[in-house]
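K.L.:
Once you've had a glance at the structure underneath, I'll fire off some questions.
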Amino acid sequence: VGFYALFMRGRRDFLAVIVLIFLPQILLVNLKTFEHRFYVFLAPLIAVAIWEGLVWLYRLIEKASLKKAAAAFAFGASIFLGLTTLSKSYNYINAKDQEIGSLVAKTEATDFSSSIVVSRKPQTAYYLHADHHLLIGGSDLPALNETLQSLHAQRDQDVFVYYGCMERWKWDTLGLLAADGEAPNWLARVACHDPLPSSWCLYKFSPQSESD
């Protein structure tokens, strides 16, 4: 309704400008890989469309009492959605802080300066003072084993695998690496933190062992 109110009521020129601005952004970024955050740039347009849709529907209401009820409902819904989003954002950021904090505390006696940490995000390696290797997709255990074998052979460094909040989300096929899972014998558990949502595990890769 909002996009109809925004584009289809004599505003075709505005639609053309929006397409010329946003289409190159979508083609440049999202042909590589899909990420929800790549569409954040659409947030202002979506907000304007929602506003236009609400105004358009509001003007269709003839009775004054219904207009007041609709306005009150829209205001209440906006407050509710805003508080819900704020709460979810706070919980996510707080969980990440607890995750990194517990990781540093439980591994502070270990020297990772000449090691490689394989994870979805580089923050883990940064706080461990190690090199980082990005693994976008977890694939499966045999593919992970091949990646770690190749990485160890090329770099001749100890290789660690971190499985935390972001990895649980992005590497859903590697659930055995979770705190309550059973990792293969070529991954030795170094440290672990169990309570969700800040649960994580750090493993050391053993290149001498064969994959399961």
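The values are calculated or read from the model by the stated rules, or taken from the named source; none is laboratory data. Treat the numbers as computed from the prediction; the structure is a model and nothing was measured. Neighbour counts are summed over all protein chains in view; Cβ atoms, including those assigned to glycine, are modelled from backbone coordinates with ideal geometry. Areas reflect the complete protein model, heavy atoms only, side chains present, ligands, DNA and RNA absent. Shrake-Rupley method; radii C 1.70, N 1.55, O 1.52, S 1.80 Å.
K.L.:
How big is the convex hull of the Cα atoms of the stretch 82-163, per residue, in Å³?
P.N.:
Taking the convex hull of the Cα positions in the stretch 82-163, it is 101 Å³ per residue.
K.L.:
What's the magnitude of the charge dipole for the chain around its Cα centre, counting Lys and Arg as +1 and Asp and Glu as -1 at the beta-carbon? Answer in Debye, nearest 20.
P.N.:
Roughly 1580 debye, rounded to the nearest 20.
K.L.:
Would you mind working out the accessible area per residue for the chain, using a 1.4 Å probe, and quoting it in Å²?
P.N.:
63 Å²
K.L.:
OK, next. Where a Cα-Cα gap under 26 Å defines reach, which lysines qualify for Lys204, not counting those fewer than 8 residues away within the same chain?
P.N.:
Excluding near neighbours in sequence, the set is Lys96, Lys106, Lys121, Lys170.
K.L.:
For Ser78 and Ala64 in one chain, what is 0.36 nm times their gap in residues minus the Cα-Cα distance, to one decimal in nm?
P.N.:
Here the segment from Ser78 to Ala64 would lengthen by 2.9 nm.
K.L.:
Please report the equivalent ellipsoid semi-axes of the stretch 163-212, computed as sqrt(5 x eigenvalue) of the Cα gyration tensor, largest first, in whole Å.
P.N.:
20, 12, 8
K.L.:
May I have the extent of the alpha carbons of the stretch 33-75 along their three principal axes, as whole Å values ordered from largest to smallest?
P.N.:
Ordered largest first, the stretch 33-75 gives principal extents of 49, 15, 13 Å.
K.L.:
Specify whether the C-alpha gyration tensor of the stretch 22-95 places it in the rounded, prolate or oblate class, a ≥ b ≥ c being the square roots of the eigenvalues: rounded for a/c under 1.5, otherwise prolate if a/b is larger than b/c and oblate if not.
P.N.:
Note, shape of the stretch 22-95 comes out oblate.
K.L.:
Can you work out the Karplus-derived ³J(HN,Hα) for every residue in the stretch 183-193? Use 6.51 cos²θ - 1.76 cosθ + 1.60 with θ = phi - 60°, whole Hz, and x for glycine or proline.
P.N.:
Coupling constants for the stretch 183-193: 6, x, 6, 8, 10, 9, 6, 8, 7, 7, 9 Hz.
K.L.:
For the chain, I need the span (max minus min coordinate) of the C-alpha atoms along each principal axis, in Å, sorted largest to smallest.
P.N.:
The Cα atoms of the chain stretch 76, 36, 30 Å along their principal axes.
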